[in-house]
């Protein structure tokens, strides 16, 4: 191995044995490196300026200040050089602290396999970053030519009738790798796309032909003629071909302005080449920016994911294909997550996601589905085929005082604990409202809630429910916020638990019902859904109170639908049946929400007079690509239709899920994809 072709590295240590150990370890693994020994920190700055180092390995002691001093010099004199710390002992907390300061990882000579893997990974990332920097320089020179080329690129367009491709333009043929249209025209459209998106694509085609698909983008993996696949974002529109109804599919050519080129190249620099996830440093920057803005509704959680027994897998498949394995693993995660999720790569094979969902249960269900999906996957790595399991750790983020560092540490430690406990499981760390503090906290919350009720400091929110049948039904779900003494909105997750534990839910429910009736009286609302707590379901005076409210508000009772959760209905079936029949007798509508995850949903349908079933939002997590989940939802829809019960899907977050729901026969949807909650304006 020629010394001139070796990759230059700087090793900061007072002991020559450490330098020789690094050098021999890497060279024995076939890595051509040249270690430059720097004994003192005071000499590091000059070395970084004089040596074109591709990596800095700094040996430090247990004092965290040692890492801080090294990073200060590294950032001042060699901002682009990846830094690894070497210590006698390494754990998740040490790695997390180092990453927070800008280091790429922490290694130990006691684990030579991991040392080689981390160095190989970071040298490759550094090589690609240098190559990309060179590309940026070249791109500036050829920006005008590139812009002209992109602006002239045609959209890829195909026309489909009854599921068959009847026409495709040259750009579509080029995209798929066909020389002429004869090879493609007359073939089923489904053959051109991955099987996991077939349900969504079929639903979108049906909706489009019926005029119910409006400006939505469908995400799908195209299967090209050479056997490869490429992710597309497809626009669908209703049209005619040869005088017959057809659907026009268009994959728009991307027109990049010169200003956008730098943005795209900058984004590429921030991302890990193998997984497409943000590198640690940039993930943390984006995370802090996101957490600086309060979430409007739902929950935020950090999720850490890693294949179980990764070191053993690396030993089995060898260091040269580990990155390929990690890339395939990350691809499975990408298939199931939402496009809006923030994703970063931490360590060898750990992915960390910031997820925003309607409930914490949604994230737990998503994680469980991912574990199942990974467990059934066969990873093809050259001549080897392997399988693995994975563990997921969840760190909860306090909406009132979000702390990025604590949440990352919680997620990483939870994942590690999940693997230690046997792997293939989800582990959640939650520091909020420990039992020992709950009673004292409740005292404060009770006073605040009662004051808010007395001073009318609750606020009604509305979330539209969209019809998949075409016409706007004027339907809304009602949510509630509490306003604190400083005028700040509090989400239900912050005060509802205390209200439930201290018999205040009936008071809150009645405030919401009264405000909802006022809203109905002043606005052309056709159907408003108001949820009732367990306490209201068991309140024998509620029906008489509602009759009195009807007399004073003079609204049509049929415009108000009361909904209770499947769990409450199951646990208090007698009370629920009595209340539901009483509501229907008065003229109100009755609905069950969060439906389909209980132990016996069919029993509820058979025993209760139900107008609407709201299919639980957890069943929407991964629905677009999970055929078993689609079958489960279809069964619920069929049972509802058999009894003339309307169906509403909760927490729908993307067009692919909506398209599948069309295919399954769901009538209505609600969620952030439809609209975020908005404040109700009276009068």
(request) Can you give me the number of residues within segment 577-610 that are more than 30 Å from residue 367 (Cβ to Cβ) and out of contact with any helix residue (DSSP H, G or I) (no Cβ under 8 Å at 6 or more places or on another chain)? (result) 6
(request) Could you tell me which of the residues 353, 332 is within 26 Å of residue 296 (Cα to Cα) and either under 17 Å from the mean Cα position of the chain (by Cα) or without any contact (Cβ under 8 Å) to a residue 12 or more places away in the chain (or both)? (result) 353
(request) Scan segment 568-585 for residues that are touching a strand residue (DSSP E or B) at 6+ places or on another chain (Cβ under 7 Å) and closer than 22 Å to residue 616 by Cα and report the count. (result) 3
(request) Out of 168, 139, report the one residue that is in contact with a strand residue (DSSP E or B) (Cβ under 9 Å, 6 or more places away or on another chain) and at pLDDT below 90. (result) 168
(message) Given the criteria surrounded by 20 or more Cβ atoms within 10 Å (Cβ to Cβ) and in contact (Cβ under 8 Å) with a residue 60 or more places away in the chain, does residue 204 qualify?
(response) yes
(request) Take residue 405 and decide whether it is surrounded by fewer than 17 Cβ atoms within 10 Å (Cβ to Cβ), modelled with pLDDT of 85 or more and within 25 Å of residue 195 (Cβ to Cβ). (result) no
(request) Evaluate segment 62-70: report whether one residue or more is in the same structural domain as residue 93 (by TED's automatic domain parsing), in contact (Cβ under 8 Å) with a residue 40 or more places away in the chain and over 40 Å from the mean Cα position of the chain (by Cα). (result) no
(message) So in segment 65-90, with the set limited to residues that are in a loop (DSSP other than H, G, I, E, B) and in contact with a helix residue (DSSP H, G or I) (Cβ under 9 Å, 6 or more places away or on another chain), which one is surrounded by the fewest Cβ atoms within 10 Å (Cβ to Cβ)?
(response) 80
(message) Filter segment 91-102 down to the residues that are exposed (fewer than 14 other Cβ atoms within 10 Å of the Cβ) and without any contact (Cβ under 8 Å) to a residue 40 or more places away in the chain and list them by number.
(response) 91
(message) Looking at the structure I just gave you, is residue 420 at pLDDT 90 or above, surrounded by 16 or more Cβ atoms within 10 Å (Cβ to Cβ) and not assigned by TED's automatic domain parsing to the domain that holds residue 626?
(response) no
(request) Give just the number: which of (1) modelled with pLDDT under 85; (2) in the same structural domain as residue 280 (by TED's automatic domain parsing) does residue 435 not satisfy? (result) (2)
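Every residue, every condition in (1) at pLDDT 80 or above; (2) buried (at least 16 other Cβ atoms within 10 Å of the Cβ); (3) touching a strand residue (DSSP E or B) at 6+ places or on another chain (Cβ under 8 Å), yes or no:
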| site | (1), (2), (3) |
| --- | --- |
| 109 | yes, no, yes |
| 117 | yes, yes, no |
| 131 | no, no, no |
| 158 | yes, yes, yes |
(message) Can you find a residue that is in the same structural domain as residue 595 (by TED's automatic domain parsing) and farther than 25 Å from residue 599 by Cβ anywhere in segment 563-578?
(response) no
(message) I'm checking my understanding of the structure. Among residues of segment 356-390 that are in a strand (DSSP E or B) and more than 26 Å from residue 654 (Cβ to Cβ), which one is farthest from the chain's Cα centre (by Cα)?
(response) 384
(request) Quickly run through segment 47-61 and pick out the residues that are part of a helix (DSSP H, G or I) and either touching a residue at least 24 places away in the same chain (Cβ under 8 Å) or buried (at least 19 other Cβ atoms within 10 Å of the Cβ) (or both). (result) 47, 48, 49
(request) Look at residue 98 and say whether it is assigned to a helix (DSSP H, G or I), touching a strand residue (DSSP E or B) at 6+ places or on another chain (Cβ under 6 Å), under 22 Å from residue 350 (Cβ atoms) and in the same structural domain as residue 129 (by TED's automatic domain parsing). (result) yes
(request) Pick out the one residue from 182, 191 that is more than 29 Å from the chain's Cα centre (by Cα), modelled with pLDDT of 85 or more, part of a helix (DSSP H, G or I) and surrounded by fewer than 17 Cβ atoms within 10 Å (Cβ to Cβ). (result) 182
(message) Condition (residue is in a strand (DSSP E or B) and in the same structural domain as residue 592 (by TED's automatic domain parsing)) applied to segment 517-527: is it met by at least one residue?
(response) yes
(request) Spot the failing condition for residue 244; the list is (1) more than 30 Å from residue 130 (Cα to Cα); (2) within 23 Å of the chain's Cα centre (by Cα); (3) modelled with pLDDT under 90, and only one is missed. (result) (2)
(message) All but one of (1) over 27 Å from residue 471 (Cβ atoms); (2) under 38 Å from the mean Cα position of the chain (by Cα) hold for residue 530; state the number of the condition that does not hold.
(response) (1)
(request) Please give the number of the condition residue 392 fails out of (1) within 29 Å of residue 630 (Cα to Cα); (2) touching a strand residue (DSSP E or B) at 6+ places or on another chain (Cβ under 8 Å); (3) surrounded by fewer than 17 Cβ atoms within 10 Å (Cβ to Cβ). (result) (3)
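The values are calculated or read from the model by the stated rules, or taken from the named source; none is laboratory data. If you're wondering where the values come from, they're calculated on a predicted model, not measured in any experiment. Note that each Cβ is placed from the backbone with ideal geometry, even for glycine, and that neighbours are counted across all protein chains shown.
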